[in-house]
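Heads up, the thing below is written out as structure tokens.
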Amino acid sequence: MNHQTKIRAALDVRDQFPAIVGWHYLDSAVSAQKPQAVIDAVTHAYGRDYASVHRGVYQRSADMTLAYEAARTNAANWIGGAAEETIFTRGATEAINLVAARFTNGNRKRVLLSALEHHSNIVPWQLAGYDIDVVPLTEDGRIDLDAAERMANESHAIVSFAHVSNVLGSILDAKRTATIAHQVGAKFLLDGCQAVPRMVVDVADIDCDFYVYSGHKLYGPTGIGCLWGRSDLLNAMPPYQGGGAMIDQVTFAKSTFLDAPARFEAGTPHIVGAIGLHAAIDWTQGAALIERRVRAFNPFPAAASVVAGETVKIWEAAVLPGPLPTGAAHGQILAAGEPGVDVATAEGVLRVTRLQKPGGKALDAAQFLRGFALVPGMLFGPAPEGTP
Ligand SMILES: Cc1ncc(COP(=O)(O)O)c(C=O)c1O
């Protein structure tokens with residue numbers, strides 16, 4: 001098998017999706033089909049492994065609790081957050097409703113949205129009694145951040161934008177938006193439904209305050225999603241719903257509540273949904289997603305093989321969890337450079353946003369790929385705004 005054939009074979013994931021055998025599916029932005037790995041995780045969680053979480057004093061319940069909390073950690077890590085800041089919700093819709101209903105920013109009663117928002121990023125704010133200002137789009141279908149900068153003011157409690165548009169596919173400059181929001185004392189919520197299946201997300205780097213996404217667009221089950229929020233903001237918000245699992249102490253006169261995430265997860269949670277989401281994230285992190293990411297952000301053909309022994313300084317790269325082979329083989333890249341990022345190979349999972357040859361001019365991922373082989377195992381995101 002030559003290099004190109006190997007790449008094509010590694011990228012062909014169709015037979016992992018039982019629902020699309022003999023069929024073409026073009027509706028993933030609405031809801032993605034499920035790979036067998038997710039179906040198996042859900043089957044096992046409802047089958048041989050099932051028990052409730054957080055309150056059982058028997059082994060299987062303890063194991064389920066561990067699995068549920070491991071899913072939370074995975075869902076948090078997927079966007080660069082921490083488990084204690086990550087609440088499982090029914091989906092992005094419920095996550096935005098929760099913030100709209102419970103977050104307050106002093107007496108501010110306006111929100112800044114954009115003309116491309118999904119209904120689930122409009123109606124919750126109306127229901128919560130906010131007045132809405134709408135940022136227009138540029139001619140090429142992006143949220144007009146110059147207009148947003150002019151419009152944002154101290155009456156805005158929050159700026160709430162889609163990270164990637166479900167209609168136009170346009171990608172927000174999220175870091176600039178965070179600055180615009182914070183300059184006027186507003187918080188910044190990102191609707192990441194269409195971003196998390198396609199691109200590397202890091203809430204710390206973006207400097208947002210809330211981030212929401214749905215599991216079913218990420219090859220996971222329906223009925224599960226995430227709200228990530230800064231701990232101080234979450235713990236200042238009153239509970240959204242009351243019930244079991246979210247209380248500290250209960251009397252008929254008064255109850256006190258646990259901190260996030262439990263505070264916002266009243267009742268028996270969607271245990272199996274969370275476990276399915278965990279499997280979906282693991283699957284997405286695997287080689288199967290590479291094609292989507294590469295195609296989404298680097299729509300150009302692969303070029304010649306890498307020069308053996310070539311040393312490339314990786315700048316702003318992160319190695320994702322998973323086994324990384326240590327040696328370089330045919331068509332692979334040996335990379336050395338910044339501390340902490342010193343090995344990149346074809347089969348490893350490496351997150352690269354920008355690259356530089358030692359002593360040379362900075363190259364972005366697109367330039368890099370034109371010169372070297374496009375190899376499985378590498379995930380590419382767009383070069384961050386403002387990087388020299
Ligand atoms: C950008 C965006 N936000 C929010 C949602 C709502 O997600 P859900 O229906 O999973 O809650 C969608 C779903 O289409 C979406 O594309």
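Averaged over residues, the count of other Cβ atoms within 10 Å places the peptides 256-268, 238-250, 110-122 in the sequence 110-122, 256-268, 238-250, highest first.
Computed over segment 19-173, the P(r) tail beyond 19 angstrom holds 68 percent of alpha carbon pairs. Residue 247 sits among other residues whose Cβ lies under 13 Å from its own Cβ, and their net charge, with Lys and Arg +1 and Asp and Glu -1, is 0.
We did not get these values from a lab; they are worked out from the coordinates using the rules stated. A quick note: this is a predicted structure, and the numbers were derived from the prediction, not measured. Cβ: placed from backbone, ideal geometry, glycine included. Neighbour counts: every protein chain shown.
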